[in-house]
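Asks: I'd like to ask you about the structure that follows.
The values are calculated or read from the model by the stated rules, or taken from the named source; none is laboratory data. From a predicted model like this one, the values you see are computed outputs, not experimental measurements. In this analysis, Cβ positions are derived from the backbone assuming ideal geometry, glycine residues included, and neighbour counts consider all displayed protein chains. Surface areas here come from the heavy atoms of the whole protein model, side chains and all, with no ligands, DNA or RNA. Shrake-Rupley method; radii C 1.70, N 1.55, O 1.52, S 1.80 Å.
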Amino acid sequence: KDYTAKAKLGNAITAADPWKTAIALSEQETGDAQFTACGPGANGVPADVATNGGKLATEVASITSTAGVITVTLASAAVVGTDLGGKVITFTPTVGTNAVTWKADSTGITNTTLLSALTKNNFVASGT
């Protein structure tokens, strides 16, 4: 069960990559460390996808962004299982010396194996 759920979570995480890349590039090009210029459809950032309609991985219901923060809403439990169904993942950017790093958070994911998979390759801010 965990293996399948981790694979589905991995697909959902990867679906946010175009937003992550575009937001990091926008910050680099504009120097906007507050990410205010990194809105949906601006400075190369993809427009929000409010309903999947075949535009995203099947594990994802929607992806939106505001001021650099990316919100990924997972598909229903019928698609991704009860551990992930309808849950929300947020990726929050931080400007570092040489790169933009990402902190991953989740609303509703409680399975420790899945939480570990979510945070393992994402920056975790000190003190959190």
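Asks: Divide, for the stretch 1-123, the radius of gyration over alpha carbons by 2.2 N^0.38 Å, where N is the residue count.
Replies: Working: Rg = 14.2 Å, N = 123, 2.2 N^0.38 = 13.7 Å.
Ratio of Cα Rg to 2.2 N^0.38 Å: 1.04.
Asks: A further question follows. Compare the Cα positions of I89, I109, C38 along the charge dipole of the chain (+1 at Cβ of Lys, Arg; -1 at Cβ of Asp, Glu; about the Cα centre) and return the one farthest towards the positive end.
Replies: Projecting each Cα onto the dipole axis, the largest value belongs to I109.
Asks: So which lysines can K20 reach, going by Cα to Cα under 27 Å and dropping same-chain residues fewer than 8 places off?
Replies: K6, K8, K55, K87, K103, K120
Asks: Pop a pseudo-label 7 angstrom from the Cα along the beta-carbon direction at both A47 and A7 and give the gap in nm to one decimal.
Replies: If labels sit at A47 and A7, their model points lie 3.3 nm apart.
Asks: A further question on this structure: Suppose every Lys and Arg Cβ carries +1 and every Asp and Glu Cβ carries -1, with no other charges. What dipole size does the chain come out with about its Cα centre, to the nearest 20 debye? If you can, show how the numbers build up before the last one.
Replies: Working: 8 positive and 9 negative charges, 75 e Å.
Dipole of the chain, to the nearest 20 debye: 360 debye.
Asks: Determine the order of V100, V79, V60 by accessible area, beginning with the largest, at a probe radius of 1.4 Å.
Replies: V79, V100, V60
Asks: Here's a follow-up. For the stretch 58-120, rounded, prolate or oblate, judged on the Cα gyration tensor with a ≥ b ≥ c (square roots of eigenvalues), a/c < 1.5 rounded, else prolate if a/b > b/c? Could the numbers behind the result be given before it?
Replies: On the way: a/c = 3.07, a/b = 1.66, b/c = 1.85.
Here the stretch 58-120 falls in the oblate category.
Asks: On a 1.4 Å probe surface of the protein chains, which of K120, K103 comes out largest in accessible area, and what is the full order?
Replies: Listed by decreasing accessible area, they come as K120, K103.
Asks: Now for a separate question. Full-extension gain between S116 and L25, please, as 0.36 nm times their residue separation minus the C-alpha to C-alpha distance.
Replies: Details: separation 91, 0.36 × 91 = 32.76 nm, distance 2.74 nm.
Gain in length upon complete extension: 30.0 nm.
Asks: How much FRET efficiency would the formula 1/(1 + (r/R0)^6) give for K103 and A77, where r is the Cβ-Cβ distance and R0 is 25 Å, rounded to 0.05?
Replies: 0.45
Asks: Accessible area per residue of the chain at 1.4 Å probe, in Å²?
Replies: 51 Å²
Asks: Moving on to the next point. Go ahead and set up a Gaussian network model of the chain, Cα springs under 10 Å, then flag whichever of A16, A61, A47 fluctuates most.
Replies: Highest fluctuation among the options: A47.
Asks: Then there is this: Calculate what fraction, in whole %, of the accessible area of the stretch 4-85 sits on carbon and sulfur atoms when a 1.4 Å probe is rolled over the protein chains.
Replies: That fraction is 55 percent.
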